[in-house]
Amino acid sequence: MQVDGLSINLATIREQCGFAEAVDICLKHGITRIAPWRDQVAKAGLDEAVRIVQSNGLKLTGLCRGGFFPAANDGDWQKNLDDNRRAIDEAAALGADCLVLVVGGLAGGSRDIVAARQMVSDGIAAVLPHAKASGVPLAIEPLHPMYAADRSCVNTLRQALDMCEQLGTDVGVAIDVYHVWWDPELAEQIARAGRMKRIFAHHICDWLVPTKDMLTDRGMMGDGVIDLKSIRRMIEKAGFFGAQEVEIFSADNWWKRPAEEVIATCVDRYHSCCLV
């Protein structure tokens, strides 16, 4: 039986299986929407990944990830832009709804976060013509402030939407509850994103208390403190009814369990904890 409205970001079972096996497990549980990471696609081979997607009638709610724009020198800057153009090409080949951008933190050796944010804006602007020509929307994913130095200097939905306004059409946001649930402006900014028609993706998991690792201790929906249904109500009120995409990094728990068990639990928790 097909599970409408649920997507699985393949990072959720990345330690257990490769691209093809992950797809088979998702299909077995009625899931026809996925969001792979570029390294998973690369291991399978882009042509083979495209074949698997098309032959199974899959829809990609996103491809993870582009971004990491800030650079310490011109050579690295050009390499970062070139890699983002390749990511856009891969997203286009796979028919992804968007390319998710984890924009990057401080440039190497720098303490200037303002300059880093400007490099992010400049970088997106530089690759945007290629994205438009390829038909690939770019989704800025604001990350929790604990990642500001190394993974993303864009840390609130407000910052991401301000950047979208500067850059124009075809740039929107991926709203990941793990990164934004704490934001006192969340309701206001989700409503703003809706008015701008810039919500391109909605990622779900849960925030555990205590959190033992800042990167790899995300919780399964219902095991933490995020009000998932409330946030989904905000997002639907803003006009986005796309899939809820489960993205869980869990080195000591879910990555150690059989992939079948993980996906079955995702389906169960989606129905019990996420639907509004």
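Starting from segment 246-265, take each residue that is more than 26 Å from Ile175 (Cβ to Cβ) and at pLDDT 95 or above and list its partners that are surrounded by fewer than 18 Cβ atoms within 10 Å (Cβ to Cβ) and polar (S, T, N, Q), counting only C-beta distances under 8 angstrom and pairs at least six apart or across chains.
Asp252/Thr216
Return the residues of segment 26-42 that are more than 19 Å from Ala92 (Cα to Cα) and buried (at least 21 other Cβ atoms within 10 Å of the Cβ); say none if nothing qualifies.
Passing the criteria: Cys26, Ile31.
For segment 77-97, which positions are touching a residue at least 24 places away in the same chain (Cβ under 8 Å) and under 22 Å from Asp150 (Cα atoms)?
Listed by number, the residues that qualify are Trp77, Asn80, Leu81, Asn84, Arg85, Ala87.
I'd like to verify a number: residues in segment 98-139 that are surrounded by 16 or more Cβ atoms within 10 Å (Cβ to Cβ) and without any contact (Cβ under 8 Å) to a residue 40 or more places away in the chain, how many?
Matching residues across segment 98-139 total 2.
From Ala187, Ala174, Ala193, Ala201, grab the single residue that is crowded, with 22+ Cβ neighbours inside 10 Å, of a type outside the set (Lys, Arg) and assigned to a helix (DSSP H, G or I).
Ala193
Which pairs do you get when a residue that is within 16 Å of Glu261 (Cβ to Cβ), found in segment 205-223, comes within reach of a residue that is surrounded by fewer than 17 Cβ atoms within 10 Å (Cβ to Cβ) and among the small types (Gly, Ala, Ser), reach meaning Cβ atoms under 8 angstrom, with the pair 6+ apart or on two chains?
That search, which allows pairs on different chains as well, returns Gly222/Ser272.
Scanning for something over 18 Å from Phe240 (Cβ atoms), in contact with a strand residue (DSSP E or B) (Cβ under 7 Å, 6 or more places away or on another chain) and not in a helix (DSSP H, G or I), does segment 154-171 turn up at least one residue?
yes
The values are calculated or read from the model by the stated rules, or taken from the named source; none is laboratory data. What you see is a predicted model, and the numbers here were worked out from it, not measured in a lab. So basically every Cβ, Gly included, is an ideal-geometry build from the backbone, and we count neighbours across all protein chains shown.
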